[in-house]
Amino acid sequence: MSDRTADLVLTGGPVHTVDPARPFATSVAVRGERIVAVGHDEVHDLIGPRTEVVDLHGRLLVPGFQDAHVHPVGAGIELGQCDLGGATGVTDLLERIRAWADAHPDRPWITGGGWSMESFPGGTPDRTLLDTAVPDRPVFLVNRDHHGAWVNTLALELAGVTGRTPDPADGRIERDADGEPSGTLQEGAMELVARHVPRVTLDEQVAGLLRAQQVLHAHGITAWQDALLGEHASTADPAPAYRRAALDGLLTARVRGALWWDRESGLEQLDRLLERRDTFTVGRIRAHTVKIMQDGIAENGTAALLGPYLTGCGCASDNSGISFVDPAELARIVTRLDREGFQVHFHALGDRAVREALDAVEAAVAANGHRGNRHHLAHLQVVDSADVPRFRELGATANIQALWATHEPQMDELTIPFLGSERAARQYPFGDLLRSGAVLAAGSDWPVSSPDPLAALHNAVNRQDPGSDRPVFLPEQRITLDAALTAYTAGSAYVNHLDDTGVVAPGRLADLAVLDRDIFARPVEEIAHARVQQTFVGGQRVHAAADA
């Protein structure tokens with residue numbers, strides 16, 4: 001009997017398994033890293049003298065959440081810098097910046113971020129505002145979306161950015177009426193100043209990773225896909241931090257790393273990517289993915305659209321966004337990466353970028369056949385109706401960020417007026433994608449938005465922020481709680497190639513999360529009120545709330 005006893009038994013509450021063969025249970029037994037039994041009272045036969053028994057007391061047990069698109073190292077570092085997340089308005093922002101600068105007089109640069117574009121007219125803050133807060137040191141603050149940066153005059157001067165500096169091909173310098181840089185740098189233009197910002201050390205990166213890992217575990221997240229391993233803008237390459245943490249036994253999550261595709265070069269970087277895949281596949285991290293950013297974001301007019309953006313008067317502009325990689329070249333790149341066994345993780349917001357990414361996947365399938373690399377497209381803000389069924393046809397996964405599918409100032413003031421009503425009605429089509437047979441995965445893009453999966457589940461189901469008095473955002477695109485939970489567990493496990501996770505079933509790894517309530521037994525309007533109380537990775541507890 002002793003050799004059959006479990007190390008851990010969780011019992012006394014509903015278990016939503018995400019396993020279609022047995023969707024519901026009340027008890028789960030774990031031996032070592034794996035689940036050995038899922039059922040009801042019969043599981044109690046596996047309880048022995050040394051078995052840890054967790055009484056759920058009616059709380060809900062689910063598979064551990066998996067974030068399919070997140071930036072933990074940068075998020076963890078930002079938590080230790082000038083954090084502007086949640087600031088309300090210009091006055092609050094400037095007070096926070098001034099206070100942080102005063103508290104850190106030894107910092108040669110003031111860095112951090114998290115400011116929201118809706119805090120400023122047109123989403124573009126002015127350098128003179130920062131000059132009043134920090135006149136004596138350069139300032140570089142990325143916005144909430146990490147597609148733009150706010151800098152002061154001293155930072156521009158140190159970087160040599162003037163009215164004569166041309167816009168880079170992949171970005172834009174916002175300018176005042178005289179043509180001088182106004183203080184906002186979009187997309188690739190961030191690098192003009194970012195290259196002068198002191199790089200964080202490896203020790204600081206590891207500390208940021210561990211800080212972020214603690215936050216993610218506290219949200220029930222047991223695995224994730226880091227969407228950018230490489231150097232981009234002001235971000236140092238996180239890969240060495242993962243390698244050190246994995247080798248030192250500090251990485252308790254399961255991680256899939258997406259190696260950054262340098263859009264300034266082509267397939268000549270393939271040997272380097274293959275080398276990095278080997279170097280940074282160690283312990284609990286696998287670097288078998290390549291991240292290609294195909295466009296920018298809608299709020300600053302860099303998301304790639306099939307037709308032009310509108311102007312403030314509702315007229316067609318001369319701007320349709322940016323395709324960072326030529327579509328024909330993209331098809332060749334993806335075909336070769338697919339042949340080499342890489343998964344491709346696309347950043348694709350606009351309908352043109354989505355089509356270009358799907359065309360590239362189609363070219364790879366035509367050349368190589370279906371190789372099981374599980375390519376996926378993240379963000380999917382605007383998807384043309386003709387492209388919705390192509391996800392299922394091509395085996396491409398839709399990687400959704402549900403927190404963005406809601407009416408809020410950035411959407412209502414900086415996006416919808418410039419997309420126009422027809423395109424605005426095709427935003428974040430989760431329901432259409434699901435009904436078409438597409439596989440959905442889910443992620444947060446933290447620190448762009450909250451890492452809380454329960455908040456994301458709430459928005460996927462309700463298409464409305466908790467307690468908001470704004471209208472439901474495209475209600476026909478709502479999905480069920482069951483579908484949303486599946487996306488954040490089994491769906492993300494699929495794109496992460498973690499096939500022995502994502503569901504609660506015998507033989508699977510015991511990656512589990514305990515919620516403080518059964519969200520399936522309460523009104524859907526209350527989903528976001530739930531909290532994670534315990535998190536297990538491979539049967540080991542990695543988070544316990546004070547009231548667990």
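Computed from the coordinates by the stated procedures, all read-outs in this text should not be read as laboratory data. Computed from a prediction, not measured in an experiment: that's the story for all the values here. Cβ: placed from backbone, ideal geometry, glycine included. Neighbour counts: every protein chain shown.
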- Ordering of 301-309, 266-274 by burial proxy (mean other Cβ atoms within 10 Å per residue, highest first): 301-309, 266-274
- Ordering of 462-472, 341-351, 237-247 by burial proxy (mean other Cβ atoms within 10 Å per residue, highest first): 341-351, 237-247, 462-472
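Counting other C-beta atoms within 10 Å, and keeping those with at most 16, which DSSP coil trypsin sites (Lys or Arg not before Pro) do you find in region 142-185? Write down the numbers at each step before the final one.
Numbers: sites: Arg144, Arg164, Arg172, Arg175; in loops: Arg144, Arg164.
Filter output for region 142-185: Arg164.
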- If unit charges are put on Cβ atoms (+1 for Lys and Arg, -1 for Asp and Glu) and the dipole of region 83-194 is taken about its Cα centre, the option from Thr111, Thr88, Pro121 lying farthest towards the positive end turns out to be Thr111
- Query: How big is the gap, in Å, between the Cα center of region 176-241 and the Cα center of region 70-87?
  - Reply: 9
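Just to be sure I understand: of the beta bridges DSSP finds with both ends in the chain, what percent are antiparallel, rounded to 5?
Around 45 percent antiparallel, to the nearest 5.
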- Please report how far the C-alpha centroid of region 405-432 lies from that of region 14-47, rounded to the nearest whole angstrom. 42
- Query: Can you list the HN-Hα couplings for region 200-205, worked out from phi with the Karplus curve (6.51, -1.76, 1.60; θ = phi - 60°), rounded to whole Hz and with x for Gly and Pro?
  - Reply: 6, 7, 4, 4, 5, 5
- Query: Once both axes come from the Cα atoms, what is the angle between helix 351-368 and the longest principal axis of the chain, in degrees from 0 to 90, rounded to 10?
  - Reply: 60
- For Ala25, enumerate residues with amide H under 5 Å from its amide H, sequence gap 5+ or separate chain, H modeled in the peptide plane. Val15, Thr17
- May I ask what percent, to the nearest 5, of DSSP beta bridges between residues of region 83-194 are antiparallel? 60
- Message: Quick query: amide H of Met293 versus all other amide H atoms, modeled in the peptide plane; which residues come in under 5 Å with a sequence gap of 5 or more or a different chain?
- Response: Trp261, His347
- Assigning unit charges at the beta carbon (Lys, Arg +1; Asp, Glu -1) and nothing else, what dipole magnitude in debye, to the nearest 20, does the chain show about its Cα centre? 1340
- By average C-beta atoms within 10 angstrom, highest first, the peptides 496-504, 89-97, 518-526, 398-406: 398-406, 496-504, 89-97, 518-526
